[in-house]
Amino acid sequence: MMHMQRLPLVWTPIDVRNPDSEKKIAERLAAVLHSWEDTPYSSTQAVRGVGVYCTAFVCGVLDDLYRVDEPTPLNKIPHDVSMHCGASARAGLRWFMRHYPCADRLWSITSADEENEIIEVQPGDVLITGPVGGGPGHAIMIGPRKNVMWQASGSYVHYTGFGVPVGNMLYAVYRFSDRERWI
């Protein structure tokens, strides 16, 4: 059994200008996330129900939310390594920021004010986690239910609490400033 440690996160509701939008965004996010549930983990696939890896899962969810006609061109980043080594993780994150220009880096380990800082996350935020000291990383999405995050890990896409394997840490949190487009 894998031992888990809790991430320094506090779940908060979606913060949007129109209060009616909060519920609609959460409902849409929930529907999209559940449509990926139980998709098998695959280091070479990016197809709902067939197989997906962590980066492709996050991009697939965002493509669904933004209703893009063409799926994200994941061939622009290496399969299942974009978050799994330092150089390609940096390249993968730069690509992610260009492809999703409304993704703002909300928090990163380099911007942390103090070691035990608590980060407020909202539904739809993307987390980047990985081992202390570097190594294989992981992309995760915050779900619309309190204290739930979604990920493609282990053997399938599933939701979990706010935990990562012992020896891992949070590296960055990204938030989308245009979430009302998801409705």
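The values are calculated or read from the model by the stated rules, or taken from the named source; none is laboratory data. From a predicted model like this one, the values you see are computed outputs, not experimental measurements. Cβ sites come from the backbone with ideal geometry, for glycine too, and all protein chains shown count toward neighbours.
Looking only at residues of the range 17-70 that are of a type in the set (S, T, N, Q) and touching a strand residue (DSSP E or B) at 6+ places or on another chain (Cβ under 6 Å), we find that the one that is nearest to Val157 (Cα to Cα) is Thr39.
Evaluating Asp178 against the criteria (1) crowded, with 16+ Cβ neighbours inside 10 Å; (2) touching a residue at least 60 places away in the same chain (Cβ under 8 Å) leaves one unmet condition, (1). Residue pairs whose Cβ atoms lie under 9 Å apart, sitting 6 or more positions apart in sequence or on different chains, and linking a residue in the range 30-44 that is of a type in the set (A, V, I, L, M) to a partner that is surrounded by fewer than 19 Cβ atoms within 10 Å (Cβ to Cβ), are Ala30/Arg145; Leu33/Tyr159.
Looking only at the range 51-77, filter to residues that are surrounded by 15 or more Cβ atoms within 10 Å (Cβ to Cβ) and in a loop (DSSP other than H, G, I, E, B); which one of those is modelled with the lowest pLDDT? Among those that are surrounded by 15 or more Cβ atoms within 10 Å (Cβ to Cβ) and in a loop (DSSP other than H, G, I, E, B), it is Ile77. The criterion of at least 3 residues that are at pLDDT 80 or above, within 16 Å of the chain's Cα centre (by Cα) and of a type in the set (A, V, I, L, M, F, W, C) is met, among strands (runs of 3 or more DSSP E) falling completely within the range 85-156, by 103-108, 126-131, 138-142, 149-153.
So that you can scan it fast, the table gives a plain yes or no per residue for (1) within 23 Å of His99 (Cα to Cα); (2) under 17 Å from the mean Cα position of the chain (by Cα); (3) part of a strand (DSSP E or B); (4) aliphatic (A, V, I, L, M):
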residue: Val16; (1), (2), (3), (4): yes, no, no, yes
residue: Ser21; (1), (2), (3), (4): no, no, no, no
residue: Glu27; (1), (2), (3), (4): no, no, no, no
residue: His34; (1), (2), (3), (4): no, yes, no, no
residue: Gly49; (1), (2), (3), (4): no, no, no, no
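Among the residues making up the range 135-155, those that are surrounded by fewer than 16 Cβ atoms within 10 Å (Cβ to Cβ) and over 18 Å from Arg175 (Cα atoms) are Gly135, Pro136, Gly154, Ser155.
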